[in-house]
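Okay, so here's the structure we're looking at.
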Amino acid sequence: MFLGGHSYGGRQSTMLCADQPGLVEGLLLLSYPLHPPRKPDQLRIQHLPKLQTPAFFVHGTRDPFGSPEEMESALSLIPAKSRMLQIEGAGHDLGFKGKATRDGLPATVLAEFQKFFGLRLLRN
């Protein structure tokens, strides 16, 4: 079983798993809100050093809740296996509501998620 969410839902998922190791096999985190927009001094990383659950992050390069460099720094705090898939030019919504969806972004995210976790899922 996997757990995840977009933005605050992803943050809540990481906090839950940091407190309950082994709860799920892994996390799928879309647009993790590393800090409030324009407030990089208010990092939301206190629980990350306790996170023992493998985590796959999907993050836009124009997300105001954290730059790719800030995200990479935060991921280095996680002792479990983690990876970030950067979506070039995407903001906090990752473009799922616009052009990126037509360009196959959901399929790309699924393929990379499967690769990260070594999964082979059935497709229709």
Check: Quick one: how many residues across the stretch 24-60 are crowded, with 17+ Cβ neighbours inside 10 Å, of a type outside the set (A, V, I, L, M, F, W, C) and within 17 Å of Glu70 (Cα to Cα)?
Finding: 7
Checklist line | Where a residue in the stretch 3-18 is closer than 18 Å to Leu43 by Cβ and its partner, wherever it lies, is buried (at least 19 other Cβ atoms within 10 Å of the Cβ) and among the hydroxyl-bearing types (Ser, Thr, Tyr), with Cβ under 6 Å and at least six apart | finding: Ser7/Ser31; Gly10/Tyr32
Checklist line | The listed residue being within 18 Å of His6 (Cα to Cα) and either free of Cβ contacts under 8 Å to residues at least 24 places away in the same chain or surrounded by fewer than 19 Cβ atoms within 10 Å (Cβ to Cβ) (or both), out of Pro68, Pro21, Pro79 | finding: Pro68
Check: Given the conditions (1) over 15 Å from Pro79 (Cβ atoms); (2) surrounded by fewer than 14 Cβ atoms within 10 Å (Cβ to Cβ), which single one is not true for Gly10?
Finding: (2)
Checklist line | the stretch 89-124, residues that are of a type in the set (Phe, Trp, Tyr) and either at pLDDT below 90 or outside any helix (DSSP H, G or I) (or both) | finding: Phe96
Checklist line | Neighbours by Cβ (under 9 Å, 6+ apart or cross-chain): first from the stretch 25-47, more than 12 Å from Arg11 (Cβ to Cβ) and among the charged types (D, E, K, R); second assigned to a loop (DSSP other than H, G, I, E, B) and modelled with pLDDT under 95 | finding: Glu25/Met1
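The values are calculated or read from the model by the stated rules, or taken from the named source; none is laboratory data. Owing to the predicted nature of the structure, the values given are computational and were not obtained by experimental measurement. A quick note on method: Cβ atoms are made from the backbone with ideal geometry, for glycine too, and the neighbour counts reach across all protein chains shown.
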